[in-house]
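Peer 1: Take this structure, written in structure tokens, and hold onto it; I'll ask about it next.
The values are calculated or read from the model by the stated rules, or taken from the named source; none is laboratory data. Computed from a predicted structure; not experimentally measured. So basically every Cβ, Gly included, is an ideal-geometry build from the backbone, and we count neighbours across all protein chains shown. Surface accessibility is based on the protein's heavy atoms, side chains included, excluding ligands, DNA and RNA. Shrake-Rupley method; radii C 1.70, N 1.55, O 1.52, S 1.80 Å.
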Amino acid sequence: VREYTVRGHQIAGHGHDHTRFTELSPTRLHGQLTRTTAVLGPQPEGKWVRPPHGALGPASLAQLLATGWTVAMWSFDGKDYELTSADALVAHCAPANLVAGDVILLHEGQQWTIDALPRIVEAARRDGFTFVTMADLFAR
């Protein structure tokens, strides 16, 4: 995690066991966040979290905000959980399908995503897109 941070990447929590935040009591949500923070350690950008499955209700959102978390969501679903070839993923995430400020949801650990990502980034940059951390995007 430290190496990613040194390289300029932003690290955010995602829950400790991928349980939807809407299914957790306040105590269990606190436990999820505490365990995740213990694994990741303190981050320079502060406390950021992306709720598993994007599941966030009024109670969980209020708890996150009241305890100093910034919630990161996405505006473009890369659908790499159903598009399981790099070519299909590159086509779906083509610059023509994106708008400035989009946050693309992709998942780690899938070979097709790993193979597609350099091509997605290259095409987007060629079309004038730039890449920033969520903290930088929120600061704009």
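Peer 1: Mind listing the phi-derived Karplus ³J(HN,Hα) values for region 89-103, rounded to whole Hz, using 6.51, -1.76 and 1.60 with θ = phi - 60°, and x for any glycine or proline?
Peer 2: Values, residue by residue: 5, 4, 5, 5, 8, 4, x, 4, 8, 10, 10, 3, x, 4, 10 Hz.
Peer 1: Counting only residues 5 or more places away or on other chains, whose amide H sits under 5 Å from the amide H of THR70 once H atoms are built in the peptide plane?
Peer 2: Counting only residues 5 or more places away or on other chains, the set is LYS47, TRP48, VAL49.
Peer 1: For region 10-59, what's the relative contact order in percent, using C-alpha pairs closer than 8 Å and at least 6 residues apart?
Peer 2: Taking the mean separation of contacting Cα pairs over the length of region 10-59, I get 61 percent.
Peer 1: Additional query: Give, in nm to one decimal, the length gained when the segment between HIS53 and THR37 is fully stretched (0.36 nm per residue of separation minus the Cα-Cα distance).
Peer 2: 3.8 nm
Peer 1: Find which of GLY31, ALA123, LEU106 sits farthest along the positive direction of the dipole of the chain, computed with +1 on the beta-carbon of Lys and Arg, -1 on that of Asp and Glu, about the Cα centre.
Peer 2: GLY31
Peer 1: Between region 48-116 and region 12-44, what is the C-alpha centre distance in whole Å?
Peer 2: Going from one Cα centre to the other spans 17 Å.
Peer 1: What list of ³J(HN,Hα) values in whole Hz, one per residue of region 55-60 in order, does the Karplus curve 6.51 cos²θ - 1.76 cosθ + 1.60 (θ = phi - 60°) give from phi, with Gly and Pro shown as x?
Peer 2: Karplus-based 3J(HN,Hα) across region 55-60 equals 7, 8, x, x, 5, 5 Hz.
Peer 1: Loop-only trypsin sites (Lys or Arg not before Pro) in region 1-88, please: DSSP not H, G, I, E or B, and at most 11 other Cβ atoms within 10 Å.
Peer 2: Hits after loop and neighbour filter: ARG7.
Peer 1: Provide the per residue accessible area, probe 1.4 Å, for the chain, rounded to a whole number of square angstrom.
Peer 2: On a per-residue basis, the chain sits at 61 Å².
Peer 1: For the chain, give the magnitude of the charge dipole about the Cα centre (Cβ charges: +1 Lys/Arg, -1 Asp/Glu; no others), in debye to the nearest 20.
Peer 2: Roughly 420 debye, rounded to the nearest 20.
Peer 1: Given an 8 Å cut-off on Cα distances and at least 6 residues of separation, report the relative contact order of region 23-103 as a percent.
Peer 2: 26 percent
Peer 1: With only alpha-carbon atoms counted, please give the Rg and Dmax of region 17-81, in Å.
Peer 2: 12.0, 32
Peer 1: Per DSSP H run of n ≥ 4, the term is -39500 (n - 2.57); total these for the chain, divide by its residue number, and report the mean residue ellipticity at 222 nm rounded to 500 deg cm²/dmol.
Peer 2: Computed mean residue ellipticity for the chain: -12000 deg cm²/dmol.
Peer 1: Rounded to whole Hz and in sequence order, give me ³J(HN,Hα) for region 26-38 from the Karplus expression 6.51 cos²θ - 1.76 cosθ + 1.60, θ = phi - 60°, writing x for Gly and Pro.
Peer 2: Listing the rounded values in order: x, 5, 5, 5, 4, x, 4, 5, 5, 5, 5, 4, 5 Hz.
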